Structure formats: C-alpha cells, structure tokens
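Presented below is the structure to which this report refers.
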Amino acid sequence: MKTRNRMVLLGVCGAFLLAIGAAPRYLEELCIGGGYGDSADGGADFEQDGDIRTDGDVSADGAVCAGSGSGFELTLTDNRVAF
C-alpha cells in the first residue's frame, strides 16, 4: 500500500511540474531595502520600463555608460569622464 501511495504522490507532483511549464518567470518591478525614498532604510527601485532609482551611492568596477542612444551620453572609464 505504501508503494502505491508513493507512486500516486509522484504522479501528482509530476503533473504539477508539467503545469508550471518551461517558460522563464520575469519580475515586473523590484524594490530593494525599503525602496527609493524610504526614510528608514533607503534602497533602490527597479521599474518595469528599466528605470533604476536609488538613494545611495552607486559603485561599479569597469566602464560605465549612461544615456546611450538618447542624444546625451556620459561614459566613465578609468576615472575619466567623456560626454
């Protein structure tokens, strides 16, 4: 009887796994810490359209390029700023 119960449970779990599908799941918005503007924790907001807002410092190792394709471009490489 135990073997039959295990087989039924395995079949049910397999059906649930098939129902989930292989498509990746995407987050539409993400808040880290208390989110942007939170007086207690501060933090960052990642919006659905790709905007990132943060209260704190932003640190990056390597080159940083901002505004590419928008008519204004700012590039920081090896402590040099290029417009």
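Do you know which residues across the range 39-58 are among the aliphatic types (A, V, I, L, M) and either within 23 Å of L76 (Cβ to Cβ) or assigned to a helix (DSSP H, G or I) (or both)?
A44, I52, V58 - these are the residues of the range 39-58 that are among the aliphatic types (A, V, I, L, M) and either within 23 Å of L76 (Cβ to Cβ) or assigned to a helix (DSSP H, G or I) (or both).
Give the residue that is modelled with the lowest pLDDT, with candidates limited to residues of the range 1-38 that are among the aromatic types (F, W, Y) and outside any helix (DSSP H, G or I).
Y26
Does at least one position in the range 28-39 carry a residue that is exposed (fewer than 10 other Cβ atoms within 10 Å of the Cβ), in contact (Cβ under 8 Å) with a residue 12 or more places away in the chain and under 30 Å from D57 (Cα atoms)? Can you show your working first?
Residues of the range 28-39 exposed (fewer than 10 other Cβ atoms within 10 Å of the Cβ): 28, 39.
Adding the requirement that they be in contact (Cβ under 8 Å) with a residue 12 or more places away in the chain leaves 28.
Right, trim to under 30 Å from D57 (Cα atoms) and you get 28.
The answer is yes, given that some residue of the range 28-39 is exposed (fewer than 10 other Cβ atoms within 10 Å of the Cβ), in contact (Cβ under 8 Å) with a residue 12 or more places away in the chain and under 30 Å from D57 (Cα atoms).
Take F46 and tell me if it is aromatic (F, W, Y), without any contact (Cβ under 8 Å) to a residue 40 or more places away in the chain and surrounded by 10 or more Cβ atoms within 10 Å (Cβ to Cβ).
yes
Where the second residue is outside any loop (DSSP other than H, G, I, E, B) and the first is under 30 Å from Q48 (Cα atoms) and lies in the range 1-25, which pairs have Cβ atoms under 8 Å and are six or more apart or on separate chains?
Every condition considered, no pair remains.
The values are calculated or read from the model by the stated rules, or taken from the named source; none is laboratory data. Being a predicted model, the structure only gives us computed values, none of them experimental. Cβ sites come from the backbone with ideal geometry, for glycine too, and all protein chains shown count toward neighbours.
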